[in-house]
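Just so it is clear, none of the values below were taken in a lab; they were calculated from the coordinates. Not measured: the values here are computed from a predicted model. Note: ideal-geometry Cβ built from the backbone for every residue, glycine included; neighbour counts use all protein chains shown.
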């Protein structure tokens, strides 16, 4: 009788844990809004990037332990109180358009395919100077640095550049071109955790 009671308690515990969404499922479509913990300054972009370099690429994740490309930019700017849209194609619709020659630390670079006619956006990186940009690479499976000056592929794929902080850091450029949804933290799924296996397949 006692063993039967224990078995029932264990089954109920498992059910309750699952119903509270404590497990992780891939892809994790839940969008978790980062808490604001930095002032909107370029030095704070640098501080955050330093912490995230070499963290794994996981599609649909926006941190804190893994990122996809737009999840990285969403998290870094979100932690400074700058509410960007979640995905790259929407991030490319807000902010101030700048020329590649005007790029400064913290500006975002948007990429698509190599066709000049295509305006589709499928990747984003954070410019850090000298032709270098930081991004969560699906090919290399991690957050890393790449250089525009030495990569003809990225040069051909670059579509546009956007700025969100004025050079004096007193103004935030977020026009109303794009839709900025109000994302909320969900309790039904959890972010990817370091002890978990890194998914290699990106859902089609």
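How much length, in nm to one decimal, is gained on full extension between residue 47 and residue 197, taken as 0.36 nm per residue of separation minus their Cα-Cα distance?
That pair, residue 47 and residue 197, stretches by 51.3 nm at full extension.
Ranked highest first by the average count of other Cβ atoms within 10 Å around their residues, in what order do 82-93, 106-117, 142-153 fall?
Sorting 82-93, 106-117, 142-153 by mean packing, highest first, produces 82-93, 106-117, 142-153.
Which of rounded, prolate or oblate describes segment 57-204 when judged by the alpha-carbon gyration tensor and an a/c cut-off of 1.5?
Here segment 57-204 falls in the oblate category.
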